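Colleague: Right, I'll just put the structure down here and ask away after.
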Amino acid sequence: MKVTVGPAQYVREAGILTAAGSYIRNFGKTAALIGGQVSVDIVEDTLRKSLSAEGMSLLPSLWYGGESSETNINRLVDKLQSQDFDVLIGTGGGKAIDTVKVVAFKLNKPLVVIPTIAATCAAATAISILYNDEGEFIGIGRESKAPELVIVDSTLLLNAPVRFLIAGIGDTLAKWFETRATIQKANPTALNQTAFAIAAQVYKTLHEIGHEAIQSVESSTLTKAFEDVVDAIILISGSVSGYGGDDCRTAGAHAIYSGLTIFPECHQTYHGEIVAFGILAQLCLESKEEELPNLIRYYQEIGLPFTLEQMGISELTDYEWNKLGEITVTIEDMANMPFEVTPEMVIRAVKQADGIGQEFLSISL
């Protein structure tokens, strides 16, 4: 049995970026930084000063490329393998972090992650979600590294656009619904039962204080609710698949998310927003439609999408519907469902979820 629970160390504190060097110095004298363009602009100067204060140097920063794709990963590996450095630092959102986790694995370097948004659990997992250069889902990369250290500056995340936090809540809600489905196929163990219990608690936490955390961002007020939700999204959520392994991984909601990425019109919708809709469709797959009204009301409260149109998809042809169904069932996440799913079932579930969502949307207009 092999279990990779998550990062070796997780540090979350307001303003901690100024002291990042005191943690990173344990990994050597020279660091390389890869991240999103906005994220690098936000963290680089403060990080460089903090590292310098600890006798460390920072190489010129590198943009990760915009997609966690093989092209970008190989470009970064080629760029860095000839350079002398001790530790790799990744900063940004999920795609940037997933890219750097693969680069660190290929270069066999210690990895530090500094997330600048709380939109996924990428910083706390050992897998990477891979896409092609156009942003279409390709697969789950397991030649990826769990960070040795995650540094979360809660002030940094508080100042990020609130939509990222909302998307993070959507992505994290799926832990409960997907784990509840996948664990049905598993033999009970201490690990997967613990993961199942964690998923339930995360769902409870988000329902109780998710809206309060969003209000914290909107008012630029650092609160315990905000920091609790950040920890739930980034660290605790990642530990579900860490403890549960393949017994408690992503399932129908993420498979439907991956299928929907074939449509360019939804590429401006964030990962967690599409996953949130995927939860609704997964519930329809499971014949649990009675759970949709309460969930959609929560989505309305916090600002998550619950129709295709809200994600930029106004109309699909028969060909596009069939393509969605056919691709979605090939996603490995779908194989984690406790029953076989056909393309026709996916199409029916997505249409049903969208129809129920449209009914709620018409009432609220």
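The values are calculated or read from the model by the stated rules, or taken from the named source; none is laboratory data. This structure is a prediction, so every number in the text was calculated from the model and none was measured. Cβ sites come from the backbone with ideal geometry, for glycine too, and all protein chains shown count toward neighbours. Only protein heavy atoms, including side chains, enter the accessible area calculation; ligands, DNA and RNA are left aside. Shrake-Rupley method; radii C 1.70, N 1.55, O 1.52, S 1.80 Å.
Colleague: Is segment 1-103 rounded, prolate or oblate when judged by the Cα gyration tensor, a ≥ b ≥ c being the square roots of its eigenvalues, rounded requiring a/c under 1.5 and prolate requiring a/b larger than b/c?
Modeller: Rounded, since a/c falls under 1.5.
Colleague: Using DSSP H assignments, which helices in the chain have an axial alpha-carbon span of 18 Å or above and a mean Kyte-Doolittle hydropathy of -0.5 or higher?
Modeller: 37-53, 94-107, 162-182, 190-218, 271-285, 343-364
Colleague: What are the ³J(HN,Hα) values, in whole Hz, obtained from phi via the Karplus relation 6.51 cos²θ - 1.76 cosθ + 1.60 with θ = phi - 60°, for each residue of segment 148-157 in sequence order, with x given for Gly and Pro?
Modeller: Per residue, the Karplus-derived 3J(HN,Hα) values read 6, 8, 10, 10, 10, 8, 5, 5, 4, 5 Hz.
Colleague: Something else about it: Report, to the nearest whole %, how much of the accessible area of the chain belongs to carbon and sulfur atoms, 1.4 Å probe, protein only.
Modeller: 49
Colleague: G141's amide H: which non-local residues (gap 5+, or another chain) put their own amide H closer than 5 Å, with H modeled 1.01 Å from N in plane and none for Pro or chain starts?
Modeller: Long-range HN contacts for G141: S128, I129, L130.
Colleague: Taking 7 Å along the Cα-to-C-beta vector as the label spot, tell me the E289-E218 distance in nanometres, rounded to one decimal.
Modeller: Result: 3.2 nm between the two label points.
Colleague: Rounded to the nearest 0.05, what FRET efficiency do K29 and V77 give with R0 = 22 Å and r taken as the Cβ-Cβ distance? Could you check?
Modeller: 0.55
Colleague: Please list 3J(HN,Hα) in residue order for segment 57-67, calculated via the Karplus relation 6.51 cos²θ - 1.76 cosθ + 1.60 where θ = phi - 60°; whole Hz, with x for glycine and proline.
Modeller: For segment 57-67, the Karplus curve yields 10, 10, 5, x, 6, 10, 7, 6, x, x, 9 Hz.
Colleague: Report the paramagnetic label zone for D246: residues of segment 316-340 whose backbone N is under 16 Å from a point 7 Å from Cα along the Cα-to-Cβ axis.
Modeller: In segment 316-340, the label zone of D246 (backbone N under 16 Å from the point 7 Å along Cα→Cβ) covers 331-339.
Colleague: A further question on this structure: Can you order the peptides 269-277, 326-334 by their average number of other Cβ atoms within 10 Å per residue, highest first?
Modeller: 269-277, 326-334
Colleague: Still on this model: Compute the Rg to Rh ratio over segment 95-180 from the alpha carbon atoms, using the Kirkwood formula for Rh, and round to two decimal places.
Modeller: Rg/Rh for segment 95-180 comes to 0.98.
Colleague: When 1/r is averaged over all different Cα pairs and the result inverted, which Kirkwood radius in Å belongs to the chain?
Modeller: With all distinct Cα pairs of the chain included, I get 20.6 Å.
Colleague: Taking a threshold of 23 Å on the Cα-Cα distance, which of the pairs K185/K323; K106/K323; K204/K224 fall above it?
Modeller: In this structure, K185/K323; K106/K323 exceed 23 Å between Cα atoms.
Colleague: Still on this structure, please answer the following. Tell me which residues come under 5 Å, amide H to amide H, from V113 once H is placed; ignore anything under 5 positions away on its chain.
Modeller: Here G90, L149, V150, I151 satisfy the definition.
Colleague: Report the full-extension gain for the segment Q201 to T342: residue separation times 0.36 nm, less the Cα-Cα distance, to one decimal in nm.
Modeller: Contour length minus Cα-Cα distance gives 47.6 nm.
Colleague: For a protection proxy built on the mean count of beta-carbon atoms within 10 angstrom, sort 96-106, 144-154 highest first, please.
Modeller: Per-residue Cβ counts within 10 Å, averaged per peptide and sorted highest first, yield 96-106, 144-154.
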